[in-house]
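See structure below.
No lab work stands behind these numbers, since they all come straight from the coordinates. A quick note: this is a predicted structure, and the numbers were derived from the prediction, not measured. We place every Cβ from the backbone using ideal geometry, glycine too, and count neighbours over all the protein chains shown.
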Amino acid sequence: MERRFQRENLLRRIVEIINNAMEMETILKRIVQEIGLFFQADRCLVCQYDMEGENPSMNPLSEYRRREETQPIRATVYPKRRAEAPTGNFAELTLITRTFQYALPEADPGYRRENHIKSALAVEIHYRGTSYGALILHQAEPRVWEPGEAALLQIIALNIGVAFYQAQLYQQEKSAKLAAEAANHKKSLFLASMSHELRTPLNSIIGYSEMIEQGMTGEITEKQRRFIHNVSLSGRHLLELVNEILDISKIEAGKLNLSIDWVDLRKLLAQLIDVFSELASAKNIVITSHIHQDVLGLEADPGRLKQIFINLISNAIKFNHQDGRVDIEIYPSLDKEWVLCEIRDTGYGIPEDKMPELFSEFYQVDNSYARQQEGTGLGLALTKRLVELHGGTIHVESTVGVGSVFTFQLPAKAAIAAPLLSSV
Ligand code: ADP
């Protein structure tokens, strides 16, 4: 009973070590000590066997030694031989190798002599068809291992196998992630340079077609004017797309730097409403804005902040009904740490299941209405990245048929009046 209780205790501690420690090295170091002490062995080893190539080798990964004067085991190369299954019996050595495919170096008299091994018990560490190595006990004196001891060591080895398997999975995931990140970085650098090459010719297409349209190169017919107008419109649309790709890839490549300045939000909103008045009145949409008295302004990149607002407001108009509303509201968070900017519309709304994808590149909610609208599907992806670059976050709430609320929040820093000041 007593022994059984101790066995269960040992297994519980080993499983705990495996579950709680992160590094394989730490796990093995603690496990060999627990096992060595429990079995009162002179040495407890976790080894990795390298069976590839002509000469198999055995590399100790972790080792517990009962006596300080015992020499540590060195990595050993030994001849490739089949294990004498199931049990190898030697004159002064009992070696239990039930599952091993190959002989262990313990079968070699020279190795035994050099390492003072009179008796050894070894089990394979394997899990899900992969052999990771061996768990071995050494005794400097002759010792007869009991079947119960071999069985217990086998269960422990199975648990260690699980730990190896998990570490391997983790490693694979980590390297896959690193490879994906490196590929993504390369893609961003490529896009950044490509976009630059694309912009130069596009600018001349736009410039020259506008000159022709305005009659600066001589008289043109009405039909020619319509055609050249289309050339310049398409050119502009393409330029917008290229610029957005350039911005996104710059952010991804870590090459977009903000130039932070003080932004007067009241001035900015007045400008924006002016810019959008024509587009809004074409659909008879009313735009309103309200800034809480405590919000004085924001520390941000003025051009980029404007871009964030432009993207959100143009969407709020684009995906809105005739005679709809767009309301912009700016206010401080309760703890005054953030400035919140809210853009509400009374438009079509966004279905719940489309929400998770909304801020990814090239995403357009696939309803027939959205499809009719001009767009690149990059606006929101870029907006989110620009907000995050400022240290902020963005989120959306939406009800189909009722409308959407996009809210982004940026760190307030000096943007909110101190309570004393605002009460004056
Ligand atoms: P696009 O260039 O297509 O407007 P965005 O990234 O700005 O690209 O938006 C992605 C998609 O999200 C849009 O195609 C549209 O379907 C949806 N969307 C964005 N804003 C709104 C909004 N205010 N109301 C309804 N749908 C919206």
* **Estimated 222 nm signal from helices in the chain, with DSSP H stretches of n ≥ 4 weighted -39500 (n - 2.57), rounded to 500** => -16000 deg cm²/dmol
* To do: Just need log10 I(q)/I(0) for the chain at q = 0.11 Å⁻¹, Debye formula, equal scatterers on the alpha-carbon atoms, no solvent, rounded to two decimals.
  => -0.86
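Set the Förster distance to 22 Å, then compute FRET efficiency between ASP50 and MET22 from the Cβ-Cβ distance, nearest 0.05.
Efficiency, rounded to the nearest 0.05: 0.30.
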* Asked: How would you rank HIS196, HIS292, going from fewest to most other Cβ atoms within 10 Å of each one's own Cβ?
  -> HIS196, HIS292
* Footprinting exposure proxy for TRP262, TRP145, TRP338 (fewest neighbouring C-beta atoms within 10 Å first) -> TRP262, TRP145, TRP338
* To do: Could you let me know the centre-to-centre spacing of the stretch 316-338 and the stretch 119-177, using Cα atoms, in angstrom?
  => 61 Å
* Residues of the stretch 262-292 with amide N under 15 Å of the 7 Å Cα→Cβ point at HIS321 -> 283-286
* To do: Please list, or write none, the aspartates and glutamates whose alpha carbon is within less than 19 Å of the alpha carbon of LYS186, excluding same-chain residues fewer than 8 places away.
  => GLU197, GLU244, ASP247, GLU252, GLU361
* Identify the trypsin sites (Lys or Arg not before Pro) of the stretch 19-74 meeting these criteria: DSSP loop state and at most 14 other C-beta atoms within 10 Å of the C-beta. => ARG67, ARG74
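A 31 angstrom limit on the alpha carbon distance is what I want to check against. Which of LYS267/LYS318; LYS223/LYS354; LYS223/LYS267; LYS187/LYS283; LYS187/LYS336; LYS255/LYS306 exceed it?
Violating the 31 Å Cα-Cα cut-off are LYS223/LYS354; LYS223/LYS267; LYS187/LYS283; LYS187/LYS336.
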* To do: Find the relative contact order for the stretch 102-199 and round it to a whole percent, using C-alpha pairs within less than 8 Å whose residues are 6+ positions apart.
  => 21 percent
